[in-house]
Amino acid sequence: MTPRDSAATRRKLLEAGREEFAEHGIAGGRIDRIAAAAGVNKERVYGHFGSKEKLFQAVLEAVKAEHAAALPTPGEDVGEWVGRLFDAHAANRTMVRLTMWEALYFEDRPLPEDEARSDIYAAKVLALARTLGVEPDSGVAMTLLSLIGLGSWPSSMPQMARLIVGPRVLTAAGHADLRAHIVRLADAAVEGAGHTAAGGGAGGEPPP
């Protein structure tokens with residue numbers, strides 16, 4: 001097999017794996033279906049990725065890379081960053097499904113790419129801390145976690161959004177209203193978090 005053929009096969013397997021794992025998760029996903037969809041025998045899957053779990057991680061990393069490319073780290077306008085996060089999750093339901101399957105499969109166990117992914121989030125914590133004018137401590141990390149929840153939860157649990165907000169949330173106008181509300185809530189949250197982190201129990205003063 002030439003390098004070009006090998007790269008093409010890998011790409012086909014990633015595309016087929018994306019569909020299979022989004023529908024069935026890691027435990028329910030089947031290598032034979034992925035191989036058939038890619039037009040190769042299943043030995044090729046193991047030859048390229050080693051295991052079904054590693055193929056899933058490669059699929060998820062590719063999807064998350066696409067997501068990250070469209071979304072910068074938190075900047076001066078944190079509320080709008082959360083709004084863009086909301087947009088990205090609404091537009092990329094495959095990523096949402098894959099991430100949820102990953103959570104169900106690994107639960108609180110370490111992920112195969114735990115350290116690398118922790119580094120990515122550490123950079124986001126640092127960026128948010130700079131915006132707030134505080135040290136990148138555990139409080140900022142928890143604020144980041146909460147902001148990601150604000151932006152991602154409606155797409156992760158659309159049935160809950162519909163039951164709580166009402167059917168209008170599924171319309172374009174209702175979706176826009178929810179986004180605007182989340183942006184305002186994020187702005188208010190980081191304003192409070194910034195003052196708390198800067199002038200909290202350690203005796204620090206708010207930044208000028």
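The values are calculated or read from the model by the stated rules, or taken from the named source; none is laboratory data. None of these values were measured; they are calculated from a predicted model. We place every Cβ from the backbone using ideal geometry, glycine too, and count neighbours over all the protein chains shown. Protein only, heavy atoms only, side chains kept; ligands, DNA and RNA dropped before computing areas. Shrake-Rupley method; radii C 1.70, N 1.55, O 1.52, S 1.80 Å.
Remark: THR9 matches the filter, which requires a residue to be open to solvent by less than 40 Å² (accessible area, probe 1.4 Å) and polar (S, T, N, Q). Candidates are the residues of the stretch 150-189 that are over 14 Å from LEU85 (Cα atoms) and open to solvent by less than 30 Å² (accessible area, probe 1.4 Å); the one that is nearest to the chain's Cα centre (by Cα) is ALA161.
Residues being in a loop (DSSP other than H, G, I, E, B) and touching a residue at least 60 places away in the same chain (Cβ under 8 Å) are represented in the stretch 71-82 by at least one member. When the stretch 113-136 is limited to residues that are touching a residue at least 24 places away in the same chain (Cβ under 8 Å) and open to solvent by 70 Å² or more (accessible area, probe 1.4 Å), the one that is nearest to ALA22 (Cα to Cα) turns out to be GLU113. GLU20 falls short on exactly one of the conditions (1) touching a residue at least 40 places away in the same chain (Cβ under 8 Å); (2) in contact with a Lys or Arg (Cβ under 8 Å, 6 or more places away or on another chain); (3) farther than 30 Å from VAL183 by Cβ, and that condition is (1).
Annotation: LEU104 fulfils all but one of (1) more than 30 Å from ARG184 (Cα to Cα); (2) of a type in the set (A, V, I, L, M, F, W, C); (3) free of Cβ contacts under 8 Å to residues at least 40 places away in the same chain; the unmet one is (3). Restricting attention to the stretch 24-53, the residues that are crowded, with 17+ Cβ neighbours inside 10 Å, under 25 Å from the mean Cα position of the chain (by Cα) and part of a loop (DSSP other than H, G, I, E, B) add up to 1.
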